[in-house]
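Structure first, commentary second.
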């Protein structure tokens, strides 16, 4: 089957089809691939099982292990650069996991240009955030547990991106979900934080359900769940099946990446400590959905309906998140809206097919840098302001916290897409690719992305203006101060990459060449709008919108309590009624159903059983009275019985 | 030989015994009436045995006597014990074991 499949294979899939046999066995530096995952996992085990004994040095160990993983990843990157394009996919078989006739799943890792990019992002940004957390969590009694969970997260996320089968990917997928739950609810002595953790976990389950059904459908269709096997079998499957698998994978991506309609958990997930928001809910875990769709591109390329659905979800979410982000006064929730919106861009890009895969991943990487940077800077602001998150209580902080201000501005320039900083190369490319999709579809996606860029400029300028400019609206007891080195240095490193990351990846088509073994050669595009014109239009929109926001929030006084606002503002403050919809559609009917079932259980099932028991009980308590204690009455009943028997016998005989 | 006369006597004895068990209150008398019923049965057994010329009925009669003897031993012991504790031999007074 494999042989015929690769003949039928369309061009972009060729490299994937060759994978099971074609993946080079792991030798040299690659033989250490398993260590990349094992090290953070070991760290998590030591810290969580070791208990208080590891309090003194646990955080140092937990920080060192991802750094070693990062170095291993770097070594692999260079080893990969030394190989030809065709030999850049390296597989490592660890052991046979489920050896059943007809269903063989091996635990195997595969590293290719796509996953090595993720490994570097996860361990690189992860290491910086570990360093930052040493200082950020210094006064928390449970810092060791926090680092244990962080290491668990890193290990799970690495497993997710290095898995060679969807089933093993699912293990990592659940692992990051667990780590996310544990970390959102890290301060679970506050009931609302514990609720936020539960909410994230439960909403993610909806998506996980999609992934598990997708895996079952893959096995039913292709007889295998390995990523390469599915890619090889895809051309022979029917459109309907591929669309079904695609839509189920999209459901999974929606849950993990907080896309509409499963978006409501991300805002509440900000209950976790800020480094968690930066690492899990901005830079890495929430982008797993984008990774999943990009990984399964062989399925999506042949399932146009599912692909369109992906693009629509992305376009809707990028506007949704931006509108929510523009109305929130909580700096972290505003950034969460922004994360949702930026991931919307990536999902839109992967929904565009071969046009957008590379830009989606490029934007994912630069977003990982600048959004982690923005969150860490926000954390630094909160650190200096006694954990105040309300931006109406900030103002004029640029003098008090110059380094934080510089880092934040770097992230700000990157996300706005001001040339020559990161977002300009990655986000504007997505807008361009959306227009290049062509037809009415292309115009809708393109205009949505363009409008989203203007909104992005608005809410980001609003955050910067309310936090760093304008009057001081601090609480009386606030004494803002710059954060310690351990926090500012990681921020500044990320700020550096926020500024230059985009140029490093995109200039000269470097990244699309790099990802060619995975996604195939760059397609030839016919531009709907000339890139130069589009760039100018985007820039004008961004600057106009940023200017408007700056005039409103920096040059005019910001009231200490939020004004009533128009109906859009009110809606956006309430997450565009995301929770209301969930409550109306799922929670209330669910409650009514349970109430009905309780009623049915009490009044029908219990009533039947209890009624029967009461009947028998009543009958027996009456017949009990026959037992009088008088021997002669028993003798009489025996006599009567014997007489009856004899009469009966005599009557039958006659 | 006609068994009628024997069977009539046996029936009479059995009826007397049954009536005694149902009517009399004194445990000893009730006990004797039970014996009377058993012996009525024995008489019927022996008559049929004689009539049929086989020994089965006579053997059965011996069994009944043995059982009756054993029963008398246990029964009288219970009656004496009840009489000692309750100063009464009336079967209606021994009515604690009830609902």
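The values are calculated or read from the model by the stated rules, or taken from the named source; none is laboratory data. Model, not experiment: these values are computed from the prediction. Cβ coordinates were reconstructed from backbone atoms using ideal geometry, including for glycine residues, and neighbour counts include every protein chain displayed.
Any residue at all in region A:227-245 that is within 11 Å of the chain's Cα centre (by Cα) and crowded, with 24+ Cβ neighbours inside 10 Å? No; the residues of region A:227-245 include none that is within 11 Å of the chain's Cα centre (by Cα) and crowded, with 24+ Cβ neighbours inside 10 Å. Reported count of residues in region B:42-99, each being closer than 30 Å to residue A:623 by Cα and assigned to a helix (DSSP H, G or I), is 5. Scanning region A:35-46 finds one or more residues that are modelled with pLDDT of 90 or more, touching a helix residue (DSSP H, G or I) at 6+ places or on another chain (Cβ under 9 Å) and more than 19 Å from residue A:172 (Cβ to Cβ). The residues in region A:436-456 that are touching a residue at least 12 places away in the same chain (Cβ under 8 Å) and over 24 Å from the mean Cα position of the chain (by Cα) can be counted, and the count is 11.
Just give me the residues in region B:20-32 being part of a helix (DSSP H, G or I), more than 10 Å from chain A (Cβ to nearest Cβ) and either in contact (Cβ under 8 Å) with a residue 12 or more places away in the chain or in contact with a strand residue (DSSP E or B) (Cβ under 7 Å, 6 or more places away or on another chain) (or both), in sequence order. B:20, B:28, B:31, B:32, listed by residue number. Between A:270, A:340, the distinction of being touching a strand residue (DSSP E or B) at 6+ places or on another chain (Cβ under 8 Å) and crowded, with 24+ Cβ neighbours inside 10 Å belongs to A:270 only.
Of the residues examined, residue A:565 is one that is away from every other protein chain (no Cβ under 14 Å) and in contact with a helix residue (DSSP H, G or I) (Cβ under 9 Å, 6 or more places away or on another chain).
Filter region B:56-99 down to the residues that are within 14 Å of another protein chain (Cβ to nearest Cβ) and closer than 17 Å to residue B:35 by Cβ and list them by number. If the condition is that a residue be within 14 Å of another protein chain (Cβ to nearest Cβ) and closer than 17 Å to residue B:35 by Cβ, then B:75, B:78, B:79, B:89, B:91 are the ones that fit.
Evaluated against (1) within 29 Å of residue A:449 (Cα to Cα); (2) surrounded by fewer than 24 Cβ atoms within 10 Å (Cβ to Cβ), residue A:383 falls short on exactly one condition, (1).
On the given criteria, is residue A:513 over 15 Å from residue A:429 (Cα atoms) and free of Cβ contacts under 8 Å to residues at least 12 places away in the same chain? It is true that residue A:513 is over 15 Å from residue A:429 (Cα atoms) and free of Cβ contacts under 8 Å to residues at least 12 places away in the same chain. Considering A:155, A:117, A:141, the condition of being out of contact with any strand residue (DSSP E or B) (no Cβ under 7 Å at 6 or more places or on another chain) and without any contact (Cβ under 8 Å) to a residue 40 or more places away in the chain is satisfied by A:141 alone. Test residue A:244 against the stated conditions and say whether it is within 14 Å of residue A:205 (Cα to Cα) and out of contact with any strand residue (DSSP E or B) (no Cβ under 8 Å at 6 or more places or on another chain). Considered against the rule, which asks whether it is within 14 Å of residue A:205 (Cα to Cα) and out of contact with any strand residue (DSSP E or B) (no Cβ under 8 Å at 6 or more places or on another chain), residue A:244 comes out as no. Pairing each residue of region A:190-215 that is without any contact (Cβ under 8 Å) to a residue 40 or more places away in the chain with any residue that is in a helix (DSSP H, G or I), provided the two are 6+ apart or on different chains, yields C-beta distances under 6 Å for A:201/A:181; A:213/A:248.
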